[in-house]
1. Identify all residues within the range 417-470 that are outside the structural domain of Gly529 (by TED's automatic domain parsing) and among the acidic types (Asp, Glu); write none if there are none.
2. Does Ala273 qualify as being part of a loop (DSSP other than H, G, I, E, B), under 16 Å from Glu211 (Cβ atoms) and aliphatic (A, V, I, L, M)?
3. Suppose we keep only residues that are hydrophobic (A, V, I, L, M, F, W, C) and farther than 16 Å from Asp498 by Cβ within the range 442-467. Which one would you say is modelled with the lowest pLDDT?
4. Inspect all residues belonging to the range 411-418 and state whether any of them is more than 57 Å from the chain's Cα centre (by Cα), of a type in the set (Gly, Ala, Ser), surrounded by 14 or more Cβ atoms within 10 Å (Cβ to Cβ) and part of a loop (DSSP other than H, G, I, E, B).
5. How many residues does the range 102-119 hold that are closer than 18 Å to Asn201 by Cβ and surrounded by fewer than 21 Cβ atoms within 10 Å (Cβ to Cβ)?
6. Take the residues of the range 494-513 that are part of a strand (DSSP E or B) and of a type in the set (A, V, I, L, M, F, W, C): which is farthest from Phe453 (Cα to Cα)?
7. Is it true that Glu99 is under 17 Å from Gly182 (Cβ atoms), of a type in the set (D, E, K, R), surrounded by 21 or more Cβ atoms within 10 Å (Cβ to Cβ) and touching a residue at least 12 places away in the same chain (Cβ under 8 Å)?
8. Which condition number does Ser48 fail, the rest of (1) part of a strand (DSSP E or B); (2) in contact (Cβ under 8 Å) with a residue 40 or more places away in the chain being met?
Amino acid sequence: MDTDCITATVVMIGKLVRQSILWAVLTCTCNMQAFAQHDRDIPIINPSLEGTPNIGVPPLPWFKIGKTPDIQPGIFEIKLPASDGKTYIGALTSRAWEEAFGQQLQTPMKAGKTYKVSLDLAYAPTYFFTPICYGSMIIYGSNSPTERGDILWKSGEYMHQNWQRYTATLRPQKDYAYLVFGPYYEKKCTDKVYTGALIDNISQQLAIVPEVTVTSTNACKGVANGTAKVNVQAGQPPYTYRWMPGNYTNAEEKHLRAGQYEVTVTSANGNSAVATVTIGEQEVKASVVTEASRCYGDEQNSILLSAAGGTPPYRYALGVAHPHFYDSPVFRRLPSGEYQAVVVDVVGCADTLRKIVLADPPPLEWVQANIKPTSCGESKDGRISLQVKGGVAPYEYMVTGNGAQWQSDPVLRQLGPGSYTYQVRDANGCLKQGNATITTPWKNCLVVIPTAFSPNGDGQNDLFRPKVYDDIRNYRMTVYNRWGVLVFQSNDPENGWDGTMKGSRLPAQTFVYVCTFDNRNNERQEMRGSLLLVH
């Protein structure tokens, strides 16, 4: 508002020199920027209702709506002194007679906003020489100087003949340019037709009530880290704040524990609004799944974290001393060992997992590798018999070379003289390698059958059996006495004859043997001859 206009208004209202001059001042063209904001207080002009006592006219700039209210005291024997200043308004109403008065607001009331206005009310048992049923007051919002408009507040019936202070809370559903006051008739009296009101000392403005919303974040379980922030969308700044419990005084409070809080916001015009907020308690629960390396020492262990509760999204870290957080919950290519992990939500609630153990499978190790030489230099009956531990069973084995294939049998067969590289592979595909050399005791391949033996228990030539320097199969040895009686037979060249028959020792004599077998080239061979048993 222009400074000169403010000064003139204050001077004219204070002195009340003449109502016509006051009205002229009020209608001067001023810069109304101070009141242009719809979330500011709206001034009420001449709230004390000062004027000259008179019948049927309200004091300026107030105007009548409907029938004629009066400037009191002194009219119709109303003698109650003013509660503020020198004069006030008296009005009547009935079903057929309605008196009201109003004022055009400098800034309209805005829909959806909340305003407060206070006023003094009293009841006159007799008015205009007529008994009055009860006192009442109603406030309207209107957009016409000739209409009451919409009801914004009712006082209810009252019977007190002295001034009492009322405060009305107005919540207009649409914009209103006029504020209207008057008594109302709602309950019919037995023998009285009118209700009425004496009104004085209206507050100097429609004081806008702060509109308060509170945003909050939950606290972590057992931690005072909840937050609450007040957002004020109306009212008269500056504001003061009072949080309970805690007696905090800031618009935003941090470090709050879980619980319910109430904040009272008071604007510069004295109006206040109360809001409650509940700070919840949330807890992040982390869990872990580990994936072990497939092979010992390859540093391919993995940790897979997950979380529930709290406020997503989550972030994840390994280690708690100086954690570096990531959006991904998966940590790969980790060596074996013991780990700690932290999961934190967007609020800062965290859960720590300790003693996450990553263990490689046990290393593949050779227990032994037994080498069997070939029977002779030209045969391929050498073997490598392997025994392994560690890794993850089952195992497969192979001798490297052209056309080699994995096998489940730990005995590598059909090997000729020479140097070999062999491997074992576990169920995870992990490999272990070794080397072996297969030798031969006899360069040339042959089978030699002795012509005599002496089973006397001296450890020398006690058994009759061939000396085999070949890779033979389908072996059969039979021995007959001189009368053609079978005294021994065997299909195993390692199983020799001890010179007995059915458990009885035979005397020294000559026998005949027949030996058949397939040699290394699968050629059928037969050897016959005589055998001398000596003691």
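1. Asp426, the sole residue that qualifies.
2. no
3. Selected residue: Trp442.
4. Yes, there is a match, as at least one residue in the range 411-418 is more than 57 Å from the chain's Cα centre (by Cα), of a type in the set (Gly, Ala, Ser), surrounded by 14 or more Cβ atoms within 10 Å (Cβ to Cβ) and part of a loop (DSSP other than H, G, I, E, B).
5. 2
6. The residue in question is Met501.
7. For Glu99, the condition - under 17 Å from Gly182 (Cβ atoms), of a type in the set (D, E, K, R), surrounded by 21 or more Cβ atoms within 10 Å (Cβ to Cβ) and touching a residue at least 12 places away in the same chain (Cβ under 8 Å) - is met.
8. It is condition (1) that Ser48 fails.
The values are calculated or read from the model by the stated rules, or taken from the named source; none is laboratory data. Since the structure is predicted, the reported quantities are computational estimates derived from the model, not experimental observations. Neighbour counts run over all protein chains shown; Cβ positions are idealised from the backbone, glycine included.
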